[in-house]
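Notes follow the structure.
Read-outs: derived from the displayed coordinates by stated rules, not from any lab. The structure displayed is predicted, hence computed values, not measured ones. Here the Cβ positions follow ideal geometry from the backbone for every residue, glycine too, while neighbour counts run over all protein chains shown.
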Amino acid sequence: IVEDMKVKIEDIQQKVQKVESKKTVFVETSDVPEIYTTGTGTFMQEILNMLNATNIMDDQEGWVKIDPEEIVSRNPDVMLITYDYVEGIVEQVKQRDGFDTVTAIQNDAVIQVNEDTTSRQGPRLVEGLEEVAKAIYPEAFSE
């Protein structure tokens, strides 16, 4: 199992390394009014590092509470939603006040990823890694 995981991880990393423009990413782990995200020292930061993507909150450590205005000012290319307890959350995020100027909103790059495979370390890690990679760099997987 471990050897298969290593091969798949290497394959995913090779695909994203071919992407010419590194993208900035915001990871949302909870909804308003208390939006939380991941900074350095987190599992998601490790995933983003593996995928050659920049976490817009990589200047903060651990789990970080963030104001919507800060998300807008940091202007991520991609927004990943890692929870599913709010029905229609992707559309709700797109409709937040002031978010219409965010690149991720303008490019329809707000993607909800599977909470289980992207937040729990284990044999399904590779599934989560691939899902996040495809959300950030869909062009690398379009073949």
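When the helices in the chain are scored as -39500 (n - 2.57) per DSSP H run of 4 or longer and the sum is shared across all residues, what 222 nm value do you end up with, to the nearest 500 deg cm²/dmol? Helix-only estimate at 222 nm: -11000 deg cm²/dmol. Here is the list for region 11-73: trypsin sites (Lys or Arg not before Pro) lying in DSSP coil, each with at most 11 other C-beta atoms within 10 angstrom of its C-beta, are K18. So what's the angle, to the nearest 10 degrees on a 0 to 90 scale, between helix 125-136 and the longest Cα principal axis of the chain? Its long axis makes an angle of about 50 degrees. Can you compute the label reach from N107? Point 7 Å from Cα along the Cβ direction, backbone N cut-off under 17 Å, restricted to region 129-143. Backbone N within reach: 132-142. Loop-located trypsin sites (Lys or Arg not before Pro) in region 66-133 (DSSP state other than H, G, I, E, B) with a sparse environment of at most 13 neighbouring Cβ atoms within 10 Å: R120.
Of all DSSP beta bridges confined to the chain, the antiparallel ones make up roughly 35%. Annotation for region 73-138: GluC sites (Glu not before Pro) lying in DSSP loop with at most 15 further Cβ atoms inside 10 Å of their Cβ are E87.
Result for the chain in a Gaussian network model with C-alpha springs under 10 Å: among N55, N107, N75, the largest mean-square fluctuation is at N107.
To the nearest ten degrees, helix 2-17 and the longest principal axis of the Cα atoms of the chain are 60 degrees apart.
For E127 and V32, the difference between the fully extended length at 0.36 nm per residue and the C-alpha to C-alpha distance is 31.4 nm.
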